[in-house]
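Enquirer: Let me give you the structure first, and then I'll get to my questions.
The values are calculated or read from the model by the stated rules, or taken from the named source; none is laboratory data. Quick caveat: nothing in here was measured; it's all calculated off a predicted structure. A quick note on method: Cβ atoms are made from the backbone with ideal geometry, for glycine too, and the neighbour counts reach across all protein chains shown. Note: areas computed on protein heavy atoms with side chains; ligands, DNA, RNA excluded. Shrake-Rupley method; radii C 1.70, N 1.55, O 1.52, S 1.80 Å.
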Amino acid sequence: MDQKVKKGLILEGGAMRGMFTAGVLDVMMRENIDFDGTIGVSAGSAFGCNIKSKQIGRVIRYATKYCNDWRFSSWKSLFKTGDLYGAEFCYKTIPYELDPMDFETFNKNRMEFYGVCTDVETGKPYYHKFSNGKGKDMQYFIASASMPVVSRIVEVDGKKLLDGGVADSIPVKFWEGKGYNQNVVVLTQPLGYVKKPNKILPLIKLMYKKYPEFVETVGQRHIYYNQTLEYIRKKELTGELFVIRPPHELNIGSMEHEPSELRRVYEIGVQTMEERINELKKYLYPICEKAAF
(Lines give C-alpha, C1' and ligand atoms only; values in the text may rest on other atoms or scores of the structure.)
Protein backbone atom coordinates (compact mmCIF):
# COMPACT_ATOMS: atom_id res chain seq x y z
CA MET A 1 0.00 0.00 0.00
CA ASP A 2 1.30 3.43 -0.93
CA GLN A 3 2.29 5.70 1.92
CA LYS A 4 -0.16 8.55 2.47
CA VAL A 5 1.19 11.85 1.21
CA LYS A 6 1.32 14.60 3.82
CA LYS A 7 2.33 18.00 2.52
CA GLY A 8 4.34 19.99 5.05
CA LEU A 9 5.74 23.50 5.27
CA ILE A 10 8.74 24.37 7.46
CA LEU A 11 9.55 28.01 8.20
CA GLU A 12 12.92 29.15 9.53
CA GLY A 13 13.10 32.23 11.75
CA GLY A 14 15.53 35.12 11.60
CA ALA A 15 13.85 38.22 13.06
CA MET A 16 13.25 40.73 10.23
CA ARG A 17 14.61 38.30 7.66
CA GLY A 18 11.15 36.85 8.22
CA MET A 19 9.81 39.54 5.89
CA PHE A 20 11.23 37.36 3.09
CA THR A 21 9.09 34.50 4.39
CA ALA A 22 6.06 36.78 4.54
CA GLY A 23 6.47 37.57 0.85
CA VAL A 24 6.85 33.89 -0.02
CA LEU A 25 3.72 32.95 1.92
CA ASP A 26 1.61 35.71 0.40
CA VAL A 27 2.35 34.38 -3.09
CA MET A 28 1.52 30.84 -1.96
CA MET A 29 -1.80 32.00 -0.57
CA ARG A 30 -2.65 33.97 -3.72
CA GLU A 31 -1.94 30.82 -5.72
CA ASN A 32 -4.08 28.67 -3.39
CA ILE A 33 -1.18 26.46 -2.35
CA ASP A 34 -2.30 24.39 0.64
CA PHE A 35 -0.46 22.21 3.14
CA ASP A 36 -1.56 19.59 5.62
CA GLY A 37 0.67 21.11 8.26
CA THR A 38 3.05 24.00 8.91
CA ILE A 39 5.73 24.40 11.55
CA GLY A 40 7.39 27.75 12.25
CA VAL A 41 10.33 28.83 14.34
CA SER A 42 10.55 32.27 15.95
CA ALA A 43 9.61 34.79 13.22
CA GLY A 44 8.59 31.79 11.11
CA SER A 45 5.92 31.12 13.73
CA ALA A 46 4.92 34.71 14.46
CA PHE A 47 4.63 35.64 10.77
CA GLY A 48 3.80 32.19 9.43
CA CYS A 49 0.58 31.89 11.41
CA ASN A 50 -1.07 34.10 8.79
CA ILE A 51 -1.05 31.20 6.33
CA LYS A 52 -3.43 29.40 8.68
CA SER A 53 -5.64 32.46 9.14
CA LYS A 54 -5.36 33.08 5.36
CA GLN A 55 -4.54 36.78 5.70
CA ILE A 56 -2.61 37.84 2.63
CA GLY A 57 -0.56 40.99 3.15
CA ARG A 58 -1.15 41.28 6.87
CA VAL A 59 2.50 40.99 7.93
CA ILE A 60 3.89 43.61 5.56
CA ARG A 61 0.96 45.87 6.38
CA TYR A 62 1.38 45.99 10.16
CA ALA A 63 5.17 45.78 10.07
CA THR A 64 5.56 48.83 7.84
CA LYS A 65 2.85 50.73 9.71
CA TYR A 66 4.18 50.19 13.22
CA CYS A 67 7.93 49.63 12.78
CA ASN A 68 8.60 53.15 14.11
CA ASP A 69 6.43 52.71 17.17
CA TRP A 70 8.77 52.14 20.13
CA ARG A 71 6.34 49.55 21.48
CA PHE A 72 6.87 47.37 18.41
CA SER A 73 10.64 47.02 18.54
CA SER A 74 13.21 49.29 20.19
CA TRP A 75 15.85 49.62 22.87
CA LYS A 76 13.29 51.70 24.75
CA SER A 77 10.96 48.70 24.72
CA LEU A 78 13.76 46.51 26.05
CA PHE A 79 14.52 48.91 28.91
CA LYS A 80 10.88 49.53 29.80
CA THR A 81 9.41 46.04 29.33
CA GLY A 82 12.32 43.59 29.24
CA ASP A 83 11.56 42.68 25.61
CA LEU A 84 13.16 44.14 22.50
CA TYR A 85 9.92 43.30 20.70
CA GLY A 86 7.17 44.49 23.02
CA ALA A 87 5.05 41.48 23.90
CA GLU A 88 2.02 43.53 24.94
CA PHE A 89 1.99 45.56 21.73
CA CYS A 90 3.00 42.84 19.25
CA TYR A 91 0.91 40.00 20.63
CA LYS A 92 -2.10 41.80 22.11
CA THR A 93 -2.57 45.31 20.78
CA ILE A 94 -1.84 44.48 17.13
CA PRO A 95 -3.62 41.10 16.75
CA TYR A 96 -6.65 42.02 18.85
CA GLU A 97 -7.08 45.73 18.08
CA LEU A 98 -4.96 47.44 15.42
CA ASP A 99 -4.70 44.75 12.72
CA PRO A 100 -6.83 41.86 13.96
CA MET A 101 -5.81 38.30 13.34
CA ASP A 102 -8.65 36.22 11.90
CA PHE A 103 -8.89 33.80 14.80
CA GLU A 104 -12.08 32.24 13.44
CA THR A 105 -10.41 31.21 10.18
CA PHE A 106 -7.28 30.12 12.06
CA ASN A 107 -9.41 27.85 14.23
CA LYS A 108 -11.48 26.42 11.38
CA ASN A 109 -8.54 25.75 9.08
CA ARG A 110 -7.76 22.03 9.32
CA MET A 111 -4.08 22.58 8.59
CA GLU A 112 -1.96 21.72 11.64
CA PHE A 113 0.21 24.55 12.87
CA TYR A 114 3.15 24.07 15.24
CA GLY A 115 5.62 26.48 16.78
CA VAL A 116 9.06 25.66 18.16
CA CYS A 117 10.35 26.98 21.49
CA THR A 118 13.44 26.18 23.54
CA ASP A 119 13.03 24.93 27.11
CA VAL A 120 15.67 26.83 29.06
CA GLU A 121 15.73 24.27 31.86
CA THR A 122 16.51 21.31 29.59
CA GLY A 123 18.05 23.05 26.58
CA LYS A 124 15.79 20.96 24.35
CA PRO A 125 13.21 22.04 21.78
CA TYR A 126 9.55 22.09 22.70
CA TYR A 127 7.02 21.76 19.89
CA HIS A 128 3.62 23.31 20.53
CA LYS A 129 0.55 22.51 18.45
CA PHE A 130 -1.66 25.60 18.23
CA SER A 131 -5.43 25.35 18.51
CA ASN A 132 -7.25 28.67 18.17
CA GLY A 133 -4.32 31.11 18.31
CA LYS A 134 -5.67 32.90 21.38
CA GLY A 135 -4.87 32.90 25.10
CA LYS A 136 -2.26 30.31 25.93
CA ASP A 137 -1.47 29.87 22.23
CA MET A 138 -0.43 33.52 22.10
CA GLN A 139 2.04 32.89 24.93
CA TYR A 140 3.67 30.20 22.81
CA PHE A 141 3.91 32.63 19.90
CA ILE A 142 5.73 35.02 22.21
CA ALA A 143 8.02 32.28 23.53
CA SER A 144 8.94 31.00 20.08
CA ALA A 145 10.15 34.47 19.06
CA SER A 146 11.73 35.57 22.36
CA MET A 147 15.41 35.97 21.53
CA PRO A 148 17.87 35.31 24.37
CA VAL A 149 19.41 38.30 26.17
CA VAL A 150 16.87 40.78 24.73
CA SER A 151 13.70 38.99 25.89
CA ARG A 152 12.21 37.81 29.13
CA ILE A 153 11.80 34.08 29.69
CA VAL A 154 8.20 33.12 28.97
CA GLU A 155 6.58 30.82 31.52
CA VAL A 156 3.65 28.76 30.27
CA ASP A 157 2.29 25.34 31.25
CA GLY A 158 5.03 25.03 33.87
CA LYS A 159 7.79 25.45 31.30
CA LYS A 160 10.34 28.24 30.94
CA LEU A 161 10.73 29.02 27.25
CA LEU A 162 12.72 31.14 24.81
CA ASP A 163 13.36 31.35 21.06
CA GLY A 164 12.87 28.03 19.28
CA GLY A 165 15.76 28.80 16.94
CA VAL A 166 18.22 28.02 19.73
CA ALA A 167 17.32 24.32 19.95
CA ASP A 168 15.88 23.53 16.51
CA SER A 169 16.25 26.31 13.95
CA ILE A 170 14.94 24.31 10.99
CA PRO A 171 12.82 21.40 12.30
CA VAL A 172 12.89 19.22 9.18
CA LYS A 173 13.62 15.96 10.98
CA PHE A 174 10.92 16.58 13.59
CA TRP A 175 8.41 17.29 10.84
CA GLU A 176 9.39 14.16 8.95
CA GLY A 177 8.94 12.25 12.20
CA LYS A 178 5.38 13.56 12.34
CA GLY A 179 4.70 11.84 9.03
CA TYR A 180 5.14 14.80 6.70
CA ASN A 181 6.81 13.35 3.63
CA GLN A 182 6.37 16.00 0.93
CA ASN A 183 7.94 19.04 2.49
CA VAL A 184 8.69 22.61 1.51
CA VAL A 185 11.34 24.47 3.50
CA VAL A 186 11.56 28.26 3.56
CA LEU A 187 15.01 29.44 4.65
CA THR A 188 16.04 33.02 5.35
CA GLN A 189 19.72 32.65 4.49
CA PRO A 190 21.13 32.12 0.97
CA LEU A 191 22.74 28.97 -0.38
CA GLY A 192 26.25 28.54 1.02
CA TYR A 193 25.54 30.24 4.33
CA VAL A 194 27.50 28.79 7.25
CA LYS A 195 26.58 29.69 10.83
CA LYS A 196 29.48 30.63 13.08
CA PRO A 197 29.83 30.20 16.86
CA ASN A 198 27.83 32.66 18.95
CA LYS A 199 29.93 35.75 19.61
CA ILE A 200 28.08 36.63 22.80
CA LEU A 201 28.36 33.21 24.41
CA PRO A 202 30.22 34.67 27.43
CA LEU A 203 27.23 36.96 28.06
CA ILE A 204 24.86 34.02 27.60
CA LYS A 205 26.83 32.05 30.18
CA LEU A 206 26.59 34.94 32.61
CA MET A 207 22.89 35.69 32.10
CA TYR A 208 21.74 32.08 32.09
CA LYS A 209 24.15 30.52 34.57
CA LYS A 210 21.15 28.93 36.32
CA TYR A 211 20.42 27.01 33.11
CA PRO A 212 23.59 25.15 32.07
CA GLU A 213 21.76 22.90 29.59
CA PHE A 214 20.47 25.98 27.78
CA VAL A 215 23.95 27.51 27.70
CA GLU A 216 25.34 24.29 26.26
CA THR A 217 22.66 24.26 23.56
CA VAL A 218 23.50 27.85 22.61
CA GLY A 219 27.17 26.93 22.40
CA GLN A 220 26.46 23.99 20.10
CA ARG A 221 23.80 25.69 18.00
CA HIS A 222 26.03 26.50 15.01
CA ILE A 223 27.13 22.86 14.75
CA TYR A 224 23.60 21.46 14.68
CA TYR A 225 22.41 24.25 12.39
CA ASN A 226 25.11 23.58 9.80
CA GLN A 227 24.48 19.83 9.97
CA THR A 228 20.79 20.51 9.33
CA LEU A 229 21.65 22.64 6.30
CA GLU A 230 23.75 19.78 4.92
CA TYR A 231 20.85 17.37 5.46
CA ILE A 232 18.45 19.75 3.71
CA ARG A 233 20.80 20.27 0.77
CA LYS A 234 21.23 16.55 0.19
CA LYS A 235 17.48 15.96 0.19
CA GLU A 236 16.96 18.99 -2.03
CA LEU A 237 19.37 17.64 -4.63
CA THR A 238 17.57 14.29 -4.71
CA GLY A 239 14.19 15.97 -5.05
CA GLU A 240 12.98 14.87 -1.62
CA LEU A 241 12.66 18.45 -0.37
CA PHE A 242 11.65 21.67 -2.07
CA VAL A 243 13.70 24.54 -0.69
CA ILE A 244 13.02 28.25 -1.05
CA ARG A 245 15.79 30.59 0.02
CA PRO A 246 16.88 34.18 -0.68
CA PRO A 247 19.05 34.60 -3.78
CA HIS A 248 21.56 36.56 -1.71
CA GLU A 249 22.07 37.88 1.81
CA LEU A 250 19.11 39.97 2.92
CA ASN A 251 21.24 42.44 4.90
CA ILE A 252 18.60 43.43 7.39
CA GLY A 253 19.08 43.53 11.14
CA SER A 254 17.00 42.21 14.00
CA MET A 255 15.42 45.65 14.31
CA GLU A 256 14.42 47.74 11.32
CA HIS A 257 12.62 51.08 11.53
CA GLU A 258 12.64 51.94 7.83
CA PRO A 259 9.44 50.74 6.08
CA SER A 260 11.17 50.71 2.69
CA GLU A 261 13.75 48.22 3.98
CA LEU A 262 11.05 45.90 5.29
CA ARG A 263 9.27 46.11 1.95
CA ARG A 264 12.54 45.49 0.08
CA VAL A 265 13.05 42.18 1.86
CA TYR A 266 9.36 41.31 1.51
CA GLU A 267 9.50 41.92 -2.24
CA ILE A 268 12.54 39.65 -2.55
CA GLY A 269 10.35 36.92 -1.06
CA VAL A 270 7.51 37.73 -3.44
CA GLN A 271 9.74 37.71 -6.50
CA THR A 272 11.57 34.54 -5.46
CA MET A 273 8.31 32.65 -5.02
CA GLU A 274 6.72 34.03 -8.18
CA GLU A 275 9.72 32.84 -10.19
CA ARG A 276 9.41 29.34 -8.77
CA ILE A 277 5.65 28.94 -8.37
CA ASN A 278 5.24 26.56 -11.32
CA GLU A 279 8.15 24.48 -10.06
CA LEU A 280 6.51 24.34 -6.63
CA LYS A 281 3.19 23.23 -8.09
CA LYS A 282 4.87 20.43 -9.99
CA TYR A 283 6.55 19.27 -6.79
CA LEU A 284 3.38 19.36 -4.70
CA TYR A 285 0.91 18.19 -7.35
CA PRO A 286 2.89 15.95 -9.74
CA ILE A 287 -0.21 14.18 -11.07
CA CYS A 288 -2.02 17.46 -11.72
CA GLU A 289 0.70 19.43 -13.47
CA LYS A 290 -1.73 20.57 -16.16
CA ALA A 291 -4.51 21.48 -13.78
CA ALA A 292 -5.56 25.08 -13.45
CA PHE A 293 -4.70 26.75 -10.15
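Enquirer: Order 27-38, 244-255 from most to least packed using the mean count of other Cβ atoms within 10 Å.
Expert: Top of the packing list down: 27-38, 244-255.
Enquirer: Pick from ILE170, ILE232, ILE200: which residue has the top mean-square fluctuation in a GNM of the chain where Cα pairs under 10 Å get a spring?
Expert: ILE200
Enquirer: Using only the alpha-carbon atoms, how far is helix 212-237 inclined from the longest principal axis of the chain? Give it as 0 to 90 degrees, nearest 10.
Expert: 20
Enquirer: Sticking with this structure for a sec: If the reach is capped at under 15 angstrom between alpha carbons, list the aspartates and glutamates near LYS199, excluding any in the same chain fewer than eight residues apart.
Expert: Straight-line reach from LYS199, under 15 Å: GLU216.
Enquirer: Another one. Accessible area per residue for region 121-228 in Å², computed with a 1.4 Å probe and the full protein assembly in place, what is it?
Expert: Counting only protein heavy atoms, the per-residue value for region 121-228 is 48 Å².
Enquirer: Considering only protein heavy atoms and a 1.4 Å probe, what is the carbon-and-sulfur percentage of the accessible area of the chain? Can you show the working numbers first?
Expert: Working: 7080 of 13860 Å².
The C+S portion of the solvent-accessible surface of the chain is 51 percent.
Enquirer: Structure shown: which of LYS54/LYS136; LYS134/LYS178; LYS178/LYS210; LYS80/LYS124 lie over 31 Å apart, alpha-carbon to alpha-carbon?
Expert: As for pairs spanning more than 31 Å Cα to Cα, those are LYS178/LYS210.
Enquirer: Mind checking which aspartates and glutamates have their C-alpha under 16 Å from LYS282, skipping anything on the same chain fewer than 8 residues away?
Expert: Within reach: GLU31, ASP34, GLU236, GLU240, GLU274.
Enquirer: Let me ask you something else. Over region 1-94, what is the mean sequence separation of C-alpha contacts under 8 Å (at least six apart), divided by residue count, expressed as relative contact order in percent?
Expert: The value is 24 percent.
Enquirer: While we're looking at this one, here's another question. Nearest 10 degrees, 0 to 90: what angle lies between the long axis of helix 259-284 and the longest principal axis of the chain (Cα atoms)?
Expert: 40
Enquirer: If you don't mind, another one. So between PHE174 and LYS4, what do we pick up on full extension, going 0.36 nm a residue minus the alpha carbon distance?
Expert: Using 0.36 nm per residue and subtracting the Cα-Cα distance, I get 59.4 nm.
Enquirer: Taking all protein chains together and a probe of 1.4 Å, list LYS160, LYS199 from the most accessible to the least accessible.
Expert: Descending accessible area places them as LYS199, LYS160.
Enquirer: Follow-up. Hey, what did the chain get for relative contact order, percent, Cα under 8 Å, at least 6 apart?
Expert: The value is 27 percent.
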